[in-house]
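The structure appears below as structure tokens.
Bear in mind that the values in this text are calculations on the coordinates, not laboratory data. Model, not experiment: these values are computed from the prediction. Every residue, glycine as well, gets a Cβ built from its backbone with ideal geometry; the counts of neighbours run over all protein chains shown.
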Amino acid sequence: MTPGPVRLGLRENAAQFSLLVAINAFVGAMVGLERSTLPLVGREDFALRSSAAVLTFIVAFGLTKALTNLAAGALAQQVGRRRLLIAGWAMALPVPLLIAVAPSWGWVVAANAFLGVNQGFAWSMTVVMKIDLVGPRRRGLALGLNESAGYGGVALAAGLSGWLAASFAPRDVLVVAGAIIAATALLLSVVFVRDTAGHVALEQARDHAGADAAPLPLRDAFARATYRDPALRSCSQAGLVNNLNDGLAWGLVPLYLAAHAASVDDIALVAALYPGVWSVAQIGTGHWSDRIGRKPLIVAGMLTQAGALALLAVGNGAVPAAALAAVLLGAGTALVYPTLIAAMSDAVTPVARAPVVGVYRFWRDSGYVFGGIIAGTVADALGYGGAIAIVAGLTAASGLWVLYDLPGRKASRAGTAREARRYAGEAL
């Protein structure tokens with residue numbers, strides 16, 4: 001079948017956009033399978049007593065995902081989005097196999113390194129390809145739908161895997177479900193996904209005709225997104241802290257609740273509530289940020305997350321307090337997550353988008369590394385409540401950084417125009 005003309009827009013690309021939404025739900029489900037069960041597997045199947053030892057799987061996941069995000073951003077323009085998406089799903093296939101035959105916790109850590117590569121390539125490409133398809137006007141809505149699907153997959157898989165783990169061996173649940181998800185998503189990506197290079201070229205020619213169309217070198221993208229550009233650096237640090245507290249919620253909260261005699265079903269409920277609220281709410285928050293600007297939602301979201309973690313710390317492991325904290329944490333993250341990527345995309349030209357978003361996602365997912373290390377070591381030294389309180393303080397500080405450093409809507413638009421002119425003149 002001959003493909004139709006390339007057009008930008010959500011409605012104009014509804015079929016491919018919907019397919020990528022479904023595939024991103026599978027990406028999220030691969031992580032969600034571990035949310036309510038894997039920390040408990042470390043304690044029960046491998047007799048790990050140190051929180052820092054248990055959370056090594058999150059450190060391995062975060063490190064490989066962060067580095068893969070960076071590579072994906074640099075390679076997307078050269079290799080193609082679709083090829084990287086397929087490569088990401090191919091890397092998911094060993095994950096359930098390694099967990100199934102693991103004789104030691106080190107094999108589970110290795111499986112999560114493969115999972116990090118899967119998430120880095122597959123999630124990065126679904127994000128970038130949706131941005132490519134819709135163009136600039138509906139970017140926030142597109143990212144809200146993307147992240148909603150991904151974290152809807154996380155929530156559904158977390159809840160179902162925890163529920164099944166109450167009746168079956170948790171490791172068996174992870175292995176069977178992981179194999180089905182990875183194989184299905186790989187097949188969909190190979191057979192039905194189409195590349196979006198034509199959409200990038202169209203937007204570049206239509207909206208940024210005066211700018212250089214050459215890909216942005218990774219070195220320059222890294223400098224801009226890390227420290228040079230106020231809009232980009234403030235989003236990068238907020239993304240890092242957001243995933244730092246997400247890593248805590250993933251790895252430490254199940255242990256915290258179990259230490260206070262919560263059942264596996266109760267832990268599964270809390271593990272599912274947080275990404276469930278996050279998933280549903282960010283459809284609206286992404287669209288809202290298109291209308292009122294990115295900064296108010298990011299600041300409010302980070303401060304809401306900090307309040308939720310403070311409630312969790314003082315709740316002393318009680319399930320009702322933890323459930324309320326999970327709802328608030330999900331609401332705060334919904335305000336932040338799609339908005340940060342939209343703010344990064346707003347500040348760069350289309351050809352610079354993939355490498356800059358790749359650098360942002362590198363720093364954001366480095367938060368899992370810092371989260372696993374900080375949460376694990378501090379929990380061993382000060383207890384679970386102390387670790388959660390420290391992360392709450394870091395999250396509040398991050399929100400205040402955004403309030404100070406991120407330009408407002410008018411300033412951001414002016415800065416973007418200046419950057420496009422500078423990009424055209426200097427060929428960064």
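Can you check what the net charge comes to around G150, using other residues whose Cβ is under 15 Å from the Cβ of G150 (Lys, Arg +1; Asp, Glu -1)? List each step's numbers first, then the result.
Details: positive: R35, K65, K130, R361, R364; negative: E34, E147, D246, D365.
Around G150, the surrounding residues sum to +1.
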Can you name the helices of the chain, as whole DSSP H runs, whose Cα span along the helix axis is 18 Å or more and whose Kyte-Doolittle mean is not below -1.0?
14-35, 56-79, 105-134, 139-165, 170-192, 230-251, 264-292, 295-314, 319-346, 350-382, 384-405
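Would you work out if segment 262-312 is rounded, prolate or oblate? Take a ≥ b ≥ c from the square roots of the eigenvalues of the alpha-carbon gyration tensor; rounded if a/c is under 1.5, else prolate when a/b is larger than b/c, oblate otherwise.
Values: a/c = 6.54, a/b = 1.86, b/c = 3.52.
It is oblate, given that a/c is not under 1.5 and a/b is not larger than b/c.
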Starting from the alpha-carbon convex hull of the chain, give the projected area averaged over all orientations, in nm².
18.2 nm²
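With the Cα gyration tensor of segment 298-382 giving a ≥ b ≥ c as the square roots of its eigenvalues, does the rule (a/c under 1.5 for rounded; else a/b larger than b/c for prolate; else oblate) give rounded, prolate or oblate? Walk me through the numbers on the way to the answer.
On the way: a/c = 3.92, a/b = 1.76, b/c = 2.23.
Judged from the Cα gyration tensor, segment 298-382 comes out oblate (a/c at least 1.5, b/c at or above a/b).
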Report the dimensions of segment 1-117 along its three principal axes from the alpha-carbon atoms, largest first, rounded to Å.
58, 26, 22
How far apart, in nm, are the 7 Å Cα→Cβ label points at T184 and T377?
4.1 nm
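Taking the mean number of other Cβ atoms within 10 Å as a proxy for protection, how do you rank 339-350, 319-330 from highest to lowest? Don't skip to the answer; put the middle values down first.
Details: 339-350: 25.0, 319-330: 20.8.
Highest to lowest by the protection proxy: 339-350, 319-330.
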Using unit Cβ charges (K, R positive; D, E negative) and no other charged atoms, how large, in debye to the nearest 20, is the dipole of segment 144-295 about its Cα centre?
340 debye
Virtual spin-label span in nm between F46 and R137, 7 Å along Cα→Cβ
5.1 nm
What nm value, rounded to one decimal, do you get for the distance between R83 and T226 when each label is placed 7 Å out toward the C-beta?
2.7 nm
Given a cut-off of under 8 Å on Cα pairs at least six residues apart, what relative contact order in percent is computed for the chain?
27 percent
